[in-house]
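Step one of this worksheet: look at the structure below.
Computed from the coordinates by the stated procedures, all read-outs in this text should not be read as laboratory data. If you're wondering where the values come from, they're calculated on a predicted model, not measured in any experiment. Cβ: placed from backbone, ideal geometry, glycine included. Neighbour counts: every protein chain shown.
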Amino acid sequence: MQSFIKIVCLAIMLFLSITAQSQETRTFYESGTVHFEYRYLNNQLHGTTKEYHESGEIKAELIYKASKLIAKKEFRRNGDIEYVLKYEDGKKVETQLEYYSSGELFRQRILVNGKRDGLEIEFYRNGKKKAERNYQNGKKEGSAKGYYVHGKLQGDWIFKNGEPSFATLYYSTGEKWLIHSDFDKDGLLNGVSKEFDKKGNLKAIRYYQDNEMVKRRRVDPWFRWWWLLWY
């Protein structure tokens with residue numbers, strides 16, 4: 001019996017100790033609605049803090065550990081996520097979502113330590129993909145694609161260290177239209193590009209200087225083989 005009483009007493013003491021260390025407080029707008037909900041452990045912010053709009057919708061969630069912010073979410077009034085922050089392996093990782101004024105998602109991107117990193121995507125108002133780009137340490141790297149509003153591929157660009165090195169552009173009906181390959185070290189077109197008809201035949205040769213087309217020469221069908229051989 002005495003051992004049972006000791007166990008009960010220890011449980012009560014443990015419960016009182018936990019409740020003494022863990023607290024939840026609230027602050028309010030003048031209207032009386034909740035503004036913030038804070039959670040504390042040992043007098044330090046710990047756990048999820050919530051912020052509300054005066055009308056009652058959730059505005060943000062902030063997660064703390066020993067008063068150190070480790071994650072955050074921001075919301076639009078309709079509940080859509082607008083911003084996400086977290087810390088991973090000492091890196092600050094942010095996800096930003098931007099919306100059209102009418103509410104549709106326009107762009108989502110990731111920032112690592114303040115610089116764009118990973119895949120960035122843009123959308124048309126109809127929800128179809130408008131563009132996608134890959135970033136490394138704040139610079140475009142690898143494939144960057146653009147799309148027509150009906151969904152077909154508009155262009156496929158290849159980037160190295162932030163500058164374009166190759167590009168293929170397409171007709172709105174999906175066929176290959178232009179190939180750009182003569183980019184200089186600054187990412188400017190300086191040289192020759194190939195133009196194709198919708199049947200895939202070489203149609204013309206374009207000459208560029210500093211991204212401006214200075215000459216366009218139509219290709220005679222009888223001599224396509226020669227132009228393809230040399231260009």
The answer for the net charge of residues other than Glu175 whose Cβ lies under 15 angstrom from its Cβ, with Lys and Arg +1 and Asp and Glu -1, is +3
What Kirkwood radius, in Å to one decimal, follows from the Cα pairs of the range 22-72?
-> 11.1
Semi-axes (Å, rounded, descending) of the ellipsoid equivalent to the chain per its C-alpha gyration tensor are 61, 20, 15
Which whole-number percent is the relative contact order of the chain (Cα, under 8 Å, 6+ apart)?
-> 6
When each of Lys145/Lys199; Lys65/Lys130; Lys139/Lys198 is checked by Cα-Cα distance, pairs over 31 Å = Lys65/Lys130; Lys139/Lys198
Taking only Cα atoms and a 10 Å spring cutoff, compute GNM fluctuations for the chain and point out the largest among Thr168, Thr25, Thr48.
-> Thr25
From the Cα centre of the range 54-95 to that of the range 132-171, the distance in Å is 31
Specify the angular offset, from 0 to 90 degrees and rounded to the nearest 10, of the alpha carbon long axis of helix 2-21 from the longest principal axis of the alpha carbons in the chain.
-> 50
Local charge sum around Val112 (other residues, Cβ-Cβ under 12 Å, Lys/Arg +1, Asp/Glu -1)?
-> +2
